[in-house]
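Only one structure is covered here, and it is reproduced in the block below.
The values are calculated or read from the model by the stated rules, or taken from the named source; none is laboratory data. Remember, predicted model here, so these are calculated numbers, not experimental data. Here Cβ is always computed from backbone atoms with ideal geometry, including for glycine, and neighbour counts include all displayed protein chains.
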Amino acid sequence: MAIITKIEAQKRSKDRVNIYVDEEYFMAVYAELVYTHSLKKGMEIDKDSLESLLHDEIYMKAKNKALSILSKSDQSEKKLREKLLNDYDENIVEEVIEFLKGYKLINDNLLAEKIVHDNMNLSKFGKNKIKQNLYNKGIAASDIQDAISQIDPDEEYENAKYLAEKRLKRLKGEDKNKINQKIYQHLAYKGFSYDIIKRVLRELLNFDEFDC
């Protein structure tokens with residue numbers, strides 16, 4: 001049976017220690033694992049205990065990576081899982097995901113609601129663009145539908161009208177057909193439906209021909 005012959009704090013990383021087994025360097029682990037595994041110099045350690053220690057070390061690395069990613073930007077469960085799977089086994093990743101969900105650090109429903117809110121109030125996007133942004137974030141189809149269903153049609157129309165009026169100011173003096181076409185293309189790019197665009201153009205330009 002192997003014996004822990006030295007536990008040495010790292011100079012550059014105070015939260016990590018080096019473990020020596022039978023006078024040879026074995027591995028570096030997070031310092032808290034020394035306490036959770038009750039490690040000490042002179043302790044005999046069997047294969048199962050070493051494997052458990054290694055598992056917990058890898059788990060903590062994966063968890064800390066996940067927390068680092070989340071500190072920079074919100075992530076859907078799918079996207080975060082994909083990033084973690086680049087470096088860690090599926091079993092470890094699933095443990096980390098369950099930990100994060102347990103502490104509500106990832107929640108696709110709340111993330112979808114936040115994206116919809118920001119897209120509506122800050123970017124003034126229409127439903128189609130918002131749907132695409134939710135999909136790109138890795139939000140599940142059911143969560144996308146739930147979030148989209150909360151959008152107020154009147155608010156979406158007002159956003160389209162606001163963007164159209166803003167674009168119209170830049171197009172003064174141009175041919176009416178060109179103005180119609182450019183505003184149509186702009187609103188379509190922003191994710192608004194044909195019906196909303198048609199209504200906006202009719203109100204702003206009294207335009208009833210839509211061959212854009």
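Okay, here's what the table says:
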{"item": "Condition met for Lys78 (under 26 Å from Ile144 (Cα atoms) and of a type in the set (Lys, Arg))", "result": "yes"}
{"item": "Pick from region 80-93, criterion over 15 Å from Asp56 (Cβ atoms) and of a type in the set (D, E, K, R), ranking: surrounded by the fewest Cβ atoms within 10 Å (Cβ to Cβ)", "result": "Glu90"}
{"item": "Failed item in (1) surrounded by 20 or more Cβ atoms within 10 Å (Cβ to Cβ); (2) more than 11 Å from the chain's Cα centre (by Cα), with Ile139 passing the rest", "result": "(2)"}
{"item": "Members of region 66-84 that are over 11 Å from the mean Cα position of the chain (by Cα) and either over 23 Å from Asn109 (Cβ atoms) or in a loop (DSSP other than H, G, I, E, B) (or both)", "result": "Ser68"}
{"item": "Filter result for the condition that a residue is touching a Pro at 6+ places or on another chain (Cβ under 9 Å), at negative phi and in contact (Cβ under 8 Å) with a residue 24 or more places away in the chain, over Ile196, Ile144", "result": "Ile196"}
{"item": "Out of Leu100, Leu105, sole residue that is touching a residue at least 12 places away in the same chain (Cβ under 8 Å), within 30 Å of Asn64 (Cβ to Cβ) and not in a helix (DSSP H, G or I)", "result": "Leu105"}
{"item": "Residue satisfying condition, being more than 18 Å from the chain's Cα centre (by Cα) and among the β-branched types (Val, Ile, Thr), within set Ile144, Ile130, Ile151", "result": "Ile151"}
{"item": "Criterion (under 23 Å from Asn136 (Cβ atoms) and surrounded by 11 or more Cβ atoms within 10 Å (Cβ to Cβ)) met by exactly one of Glu77, Glu57", "result": "Glu77"}
{"item": "Residue match in region 17-29 (condition: loosely packed, with under 13 Cβ neighbours inside 10 Å, within 37 Å of the chain's Cα centre (by Cα) and within 22 Å of Lys63 (Cα to Cα))", "result": "no"}
{"item": "Residue list for region 137-166, restricted to those being part of a loop (DSSP other than H, G, I, E, B) and closer than 14 Å to Phe125 by Cα", "result": "Ile151, Asp152"}
{"item": "Leading residue by the ranking (surrounded by the most Cβ atoms within 10 Å (Cβ to Cβ)) among those in region 120-136 that are assigned to a helix (DSSP H, G or I) and in contact (Cβ under 8 Å) with a residue 60 or more places away in the chain", "result": "Ile130"}
{"item": "Subset of region 147-182 (residues that are without any contact (Cβ under 8 Å) to a residue 40 or more places away in the chain and touching a Phe, Trp or Tyr at 6+ places or on another chain (Cβ under 9 Å))", "result": "Asn159, Leu163, Lys176, Asn177, Ile179, Asn180"}
{"item": "Count - residues of region 125-160 that are closer than 23 Å to Ile106 by Cα, in contact with a helix residue (DSSP H, G or I) (Cβ under 9 Å, 6 or more places away or on another chain) and of a type in the set (Ser, Thr, Tyr)", "result": "1"}
{"item": "Any hit, region 111-119, residues being under 20 Å from Ala188 (Cβ atoms) and in a helix (DSSP H, G or I)", "result": "yes"}
{"item": "Sole residue being modelled with pLDDT of 95 or more, more than 33 Å from the chain's Cα centre (by Cα) and within 25 Å of Leu100 (Cβ to Cβ), chosen from His55, His37", "result": "His37"}
{"item": "Residue within region 35-50 that is free of Cβ contacts under 8 Å to residues at least 60 places away in the same chain, surrounded by 16 or more Cβ atoms within 10 Å (Cβ to Cβ) and aromatic (Phe, Trp, Tyr) present", "result": "no"}
